[in-house]
Amino acid sequence: MQAKSQKYMNLLSLDSRFSSYSSHERFVLADNHLLPLYPDLLSQLKALAPGGVLLMDADENIKNIDSIGKIWQFLLSRNATRHAVLICIGGGVISDMGGFAAATYKRGIAYVNIPTTLLAMVDASSGGKTAIDFPAEDGVIYKNSVGVFYPPIDTIMLPDWLDTLPTQQFLSGYAELIKTLLLDCESTFLKSLSCLENYMESTANVSEVFHLAKHALAVKRSIVTEDPFEQGKRKVLNLGHTIGHALEEMSLTEQHPIAHGYAVMYGLIGALYLSVTLLGMNRKPLQLLTSVMLRYYGRPQCTCKDMYGLLACMRNDKKNSLDLNGHLQIRFTLLTQIGTPVPDHIVLDDQIVQAVEYINSL
């Protein structure tokens, strides 16, 4: 499956969605990588947002405070007021940075997400988490370590964007889709695996994937509505992310970045292994997902010598807490069965090592 090019996207049909904003108070932050795929996209963006268009090469390595400063400068130089709206068009990097910049510019302006990747559709574009990566004194870049909860006023999903996704980006997003459906029920989880196989073998089309993505988004929104600031139930959405984020952070430090969804897939394998060994979950979901990982995602490039660094990254995970004696506890979201997550489960270092060793042994 390869990316298709020279597509047409009619964003001007969305003009009415922004009618409550003065035309000169509309601003766009968009991924520069989209322009070669849609020849007239830039002219549409300028018509949709006469206030100005800022294009950025949206890769994970630019999700930092310097890039946020460029967005602030862009808005300031065009006299954007507190009544402005920032329209963020791109993947998770754009929605994260755009949301963070909007939350902090003049103490908060409105923003809208128009996700262009599957990953952004099912994860980053909704829920109100905005964040950037930030380095510690030891040089490790901690993913999403600085941010705020600040929801968009709207998220506009258009299925046509999926037609332009390269295979790696598609698979990256699909891992987050699978994660969300593991929190739903067995039937939708199994459907996600069969749909992935059909799509990769060109026997399923974008509409089927988009339908699953909308369902996954609905599952996520129901969880977020109940717990918008991640004080309880929302923590279940971190399934697969404790090991996944550690792998991703290690890869950023070593200048060999792993795509977010690939790291989540590896993290899901680790989380399901721990669910089986610690909570007695049925082994079948782990076996099914392991088969998917090996067929489409490959093995993670980590070895036993990486364990110290991985554990160090996990100790800085936002979900962790201290016990009464001041000792750090690494917390995972695990499952007793599909659809029954257990957030905040304390996992010991040697148990984490066993999970990573299992992933490495596949």
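Mean sequence separation of contacting Cα pairs (under 8 Å, at least six apart), scaled by the length of region 33-117, corresponds to a relative contact order of 27 percent.
Using a Förster distance of 35 Å, how high is the FRET efficiency between Q231 and T277, based on the Cβ-Cβ distance and rounded to 0.05? Result of the calculation: an efficiency of 0.80. Once the Cβ-Cβ distance of Q73 and Q168 is raised to the sixth power relative to R0 = 30 Å, the FRET efficiency obtained is 0.40. Find how many whole Å separate the alpha carbon centroid of region 1-78 from the alpha carbon centroid of region 254-277. Each part reduced to its Cα centre gives a spacing of 31 Å. Working from label points 7 Å from Cα in the Cα-to-Cβ sense, the S202 to D40 distance is 2.9 nm. Comparing A213, A103, A204 in a Gaussian network model of the chain where C-alpha atoms under 10 Å apart are linked, the largest mean-square fluctuation is found at A204. Need one word for region 223-361: rounded, prolate or oblate. Basis is the Cα gyration tensor (sqrt eigenvalues a ≥ b ≥ c); a/c below 1.5 gives rounded, then a/b vs b/c decides. Note, shape of region 223-361 comes out rounded. Other residues whose C-beta falls under 13 angstrom from the C-beta of G339 contribute a net charge of -1, scoring Lys and Arg +1 and Asp and Glu -1. Annotation note: chymotrypsin sites (Phe, Trp or Tyr not before Pro) in region 171-213 located in DSSP loop regions with a Cβ neighbour count of at most 16 within 10 Å are absent. Ranking T253, I132, Y142 by how far each Cα lies toward the positive end of the dipole of the chain (charges on Cβ) leaves I132 at the top. Using a simple spin-label model with pseudo-atoms 7 Å out from Cα toward Cβ, R299 and Q329 lie 3.5 nm apart. The distance linking region 160-219 with region 283-313 is 20 Å (Cα centroid to Cα centroid, whole angstrom). Charged neighbours of G261, selected by a Cβ distance under 14 Å, balance to -2 (K, R count +1; D, E count -1).
A Förster distance of 35 Å, applied to the separation of the beta-carbon atoms of N61 and L311, puts the FRET efficiency at 0.90.
All of the numbers you see were taken from the coordinates with simple rules; none came from a lab. Predicted model, so just to flag it, every value in this text is computed and none were measured. Don't worry about glycine lacking a Cβ; one is built from the backbone with ideal geometry, like all the others, and counts go over all protein chains shown.
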